[in-house]
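Everything on this sheet refers to the single structure shown next.
The values are calculated or read from the model by the stated rules, or taken from the named source; none is laboratory data. These figures come from a predicted structure and were not determined experimentally. Glycine gets a Cβ as well: all are built from the backbone with ideal geometry, and neighbour counts include every protein chain shown.
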Ligand SMILES: [Zn+2]
């Protein structure tokens, strides 16, 4: 029987497009210090550390070893996890496994990225098969644009429908003091922004951000002593599809990895109607069209109904299922930290520490991670000890 | 001492060194390139478990986790399942220099295959390309082929 596990503290940097004032270790350290402060622990209380970022983004391997002065990992068990866009959620899930196993009681999870230090697209292109896919592949945006073009063809969704997702997330970011882009946009702004890869425009996509996030997990019995309202892990699920793009792009089925992962998590948690039962969702939506399509995979609404569901206001902060009160990925994207920020923000909601972005009475929260070749991580957190 | 430098901008250091690699293409992948060089002909491979035909051919079907060995000839044409017109600059990690833009990145379902082939399509006008359009492969001259994915120059729209 695994140990019950809760998130007891979170910390994040104040995200920006460029942080030349700190090197990588120093930026990691900022988030770690904030997470430890949040749960009134010291680094000596931490039994083990999981850390992750994107391969090739900073061109330094073995972050687990070279960052120890920043992470606090000197002479501690520390392990690197990197799974592309899902890295942050995978870091959280690996930390959850560590505590659940009973081998460790207090584990620190860290995700970080200095996007400013490389050509992001060139770095992402290295995730593709060098013989078959790399020649034509051009990074995240066209890959997502291809998905969007197929979704629009299948359901008649429009660029205008997608723009509403940016309007919502960027409006929410105004309430998050840590968010990178804190300036509201209108549908007209998004529609008028430059076309990057049809049908995706500059206003539809996430920014490149320098930032880090750290989360402290603790075992049952310790968690309740550390914080009055821990965010308990109810379920997690990981699904990977093919990494050859031609095998992961059966678009007509929706985002199958997310559908599959969320069904497993809902089943474990006894959730039948996610839109009614979940109080808040922090979703890895790297571009606006994901805000239409991926909520269908999550069963918030039926396939093809995403545009209507968003337009009707159901995902607003006071709607049926508030999505991304933090401002989401469209407002902040320090990639290796991005999915951990989803988990941290879900925990913040349950812990009641959301300040102006707090969803009133949030008790059951969903966080997701999304990775380049259409793979997915899902984490469910709850204020009630499972 | 420190205070007199406090207003100076933080500095960065730049690296632009390319790093060479040499990747194995594999048994059936190599065969694929030989077939297009000799016959301008695509080949795929059928899984004995699920019956799916994959292009390019590979040795294992992921979902079935079975070894494959039944090569099948496929036509050099199919239909566009998704595409995007790439219109922003980035460094190509294969060459170390900026990839020419605009170009159209396309997912193509080759007739007779069950998965999708990714390549480029020589149409960059969004009003002249649609999901579902028929496309055909255009090959390099035989002597210019090198066992590289760009031995297929691009796909062209045929309807
Ligand atoms: Zn099979």
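Just a yes or no: is a residue in segment A:8-21 part of a helix (DSSP H, G or I) and farther than 18 Å from residue A:77 by Cα?
First, pick out the residues of segment A:8-21 that are part of a helix (DSSP H, G or I): none.
No: segment A:8-21 contains no residue that is part of a helix (DSSP H, G or I) and farther than 18 Å from residue A:77 by Cα.
Out of segment A:347-367, which residues are touching a helix residue (DSSP H, G or I) at 6+ places or on another chain (Cβ under 6 Å) and assigned to a strand (DSSP E or B)?
The first filter runs over segment A:347-367 and keeps only residues touching a helix residue (DSSP H, G or I) at 6+ places or on another chain (Cβ under 6 Å), leaving A:354, A:359, A:362, A:365, A:367.
Once the filter is applied, which keeps residues that are touching a helix residue (DSSP H, G or I) at 6+ places or on another chain (Cβ under 6 Å) and assigned to a strand (DSSP E or B), segment A:347-367 yields A:365, A:367.
Exactly one of (1) more than 12 Å from the chain's Cα centre (by Cα); (2) in a helix (DSSP H, G or I); (3) touching a residue at least 12 places away in the same chain (Cβ under 8 Å) is unmet by residue A:308. Its number?
Answer for residue A:308: the failing condition is (3).
Tell me, which residue of segment B:126-159 that is within 14 Å of chain A (Cβ to nearest Cβ) and free of Cβ contacts under 8 Å to residues at least 12 places away in the same chain is farthest from the chain's Cα centre (by Cα)?
B:127
From A:297, A:344, which residue is within 30 Å of residue A:18 (Cβ to Cβ) and crowded, with 22+ Cβ neighbours inside 10 Å? Outline the logic, then answer.
Values: A:297 fails: within 30 Å of residue A:18 (Cβ to Cβ).
Going through A:297, A:344 in turn, just one is within 30 Å of residue A:18 (Cβ to Cβ) and crowded, with 22+ Cβ neighbours inside 10 Å: A:344.
I'd like to check which helices (runs of 4 or more DSSP H) are fully inside segment A:75-161 and have at least 3 residues that are within 14 Å of chain B (Cβ to nearest Cβ) and surrounded by 21 or more Cβ atoms within 10 Å (Cβ to Cβ).
Values: elements: A:87-100, A:120-125, A:140-155.
In segment A:75-161, the matching helices (runs of 4 or more DSSP H) lie at A:120-125, A:140-155.
Condition (residue is over 29 Å from residue A:253 (Cβ atoms) and out of contact with any helix residue (DSSP H, G or I) (no Cβ under 6 Å at 6 or more places or on another chain)) applied to segment B:59-77: is it met by at least one residue? Walk me through it before giving the result.
Of the residues in segment B:59-77, the ones over 29 Å from residue A:253 (Cβ atoms) are none.
No, the conditions are met nowhere in segment B:59-77.
Just wondering, is there one or more residues in segment B:27-39 that are in contact (Cβ under 8 Å) with a residue 60 or more places away in the chain, in a loop (DSSP other than H, G, I, E, B) and either more than 16 Å from the ligand (Cβ to nearest atom) or away from every other protein chain (no Cβ under 12 Å) (or both)?
no
Which residue, of B:44, B:51, is within 15 Å of the ligand (Cβ to nearest atom) and in a loop (DSSP other than H, G, I, E, B)?
Numbers: B:44 fails: in a loop (DSSP other than H, G, I, E, B).
Answer to the selection: B:51.
Going through segment B:89-102 one residue at a time, which ones are more than 8 Å from chain A (Cβ to nearest Cβ) and either buried (at least 17 other Cβ atoms within 10 Å of the Cβ) or within 24 Å of residue B:130 (Cα to Cα) (or both)? Walk me through how you get there before you give the answer.
Restricting attention to segment B:89-102, the residues satisfying the condition of being more than 8 Å from chain A (Cβ to nearest Cβ) are B:89, B:95-98, B:100-102.
Listed by number, the residues that qualify are B:89, B:100, B:101, B:102.
Here is a check on your reading of the model: is residue A:55 in a loop (DSSP other than H, G, I, E, B), in the same structural domain as residue A:220 (by TED's automatic domain parsing) and buried (at least 16 other Cβ atoms within 10 Å of the Cβ)? Don't jump to the end; show me each part of the working.
On the way: in a loop (DSSP other than H, G, I, E, B): yes; in the same structural domain as residue A:220 (by TED's automatic domain parsing): yes; buried (at least 16 other Cβ atoms within 10 Å of the Cβ): yes.
When the stated conditions are applied, residue A:55 passes them.
Evaluate segment B:4-26: report whether one residue or more is without any contact (Cβ under 8 Å) to a residue 40 or more places away in the chain, within 16 Å of the ligand (Cβ to nearest atom) and within 14 Å of chain A (Cβ to nearest Cβ).
No.
Of (1) within 16 Å of the ligand (Cβ to nearest atom); (2) farther than 14 Å from residue A:129 by Cβ; (3) more than 18 Å from the chain's Cα centre (by Cα), residue B:62 satisfies all except one. Which?
With (1) within 16 Å of the ligand (Cβ to nearest atom); (2) farther than 14 Å from residue A:129 by Cβ; (3) more than 18 Å from the chain's Cα centre (by Cα) applied to residue B:62, the lone miss is (2).
Mind checking whether some residue in segment A:200-221 is surrounded by fewer than 17 Cβ atoms within 10 Å (Cβ to Cβ) and farther than 30 Å from residue A:147 by Cα?
Going through segment A:200-221, the residues surrounded by fewer than 17 Cβ atoms within 10 Å (Cβ to Cβ) turn out to be A:202, A:221.
From the residues that got through so far, the ones that are farther than 30 Å from residue A:147 by Cα too are A:221.
There is at least one residue in segment A:200-221 that is surrounded by fewer than 17 Cβ atoms within 10 Å (Cβ to Cβ) and farther than 30 Å from residue A:147 by Cα.
Please work out which residue is surrounded by the most Cβ atoms within 10 Å (Cβ to Cβ), limiting yourself to segment B:64-88 and to residues that are more than 9 Å from chain A (Cβ to nearest Cβ) and in a loop (DSSP other than H, G, I, E, B).
B:68
How many residues does segment A:21-36 contain that are within 14 Å of chain B (Cβ to nearest Cβ) and without any contact (Cβ under 8 Å) to a residue 60 or more places away in the chain?
Within segment A:21-36, the first condition is being within 14 Å of chain B (Cβ to nearest Cβ), and the residues that meet it are A:21-24, A:26-27.
Filter once more, so that each one left must be without any contact (Cβ under 8 Å) to a residue 60 or more places away in the chain: A:21-23, A:26.
Matching residues across segment A:21-36 total 4.
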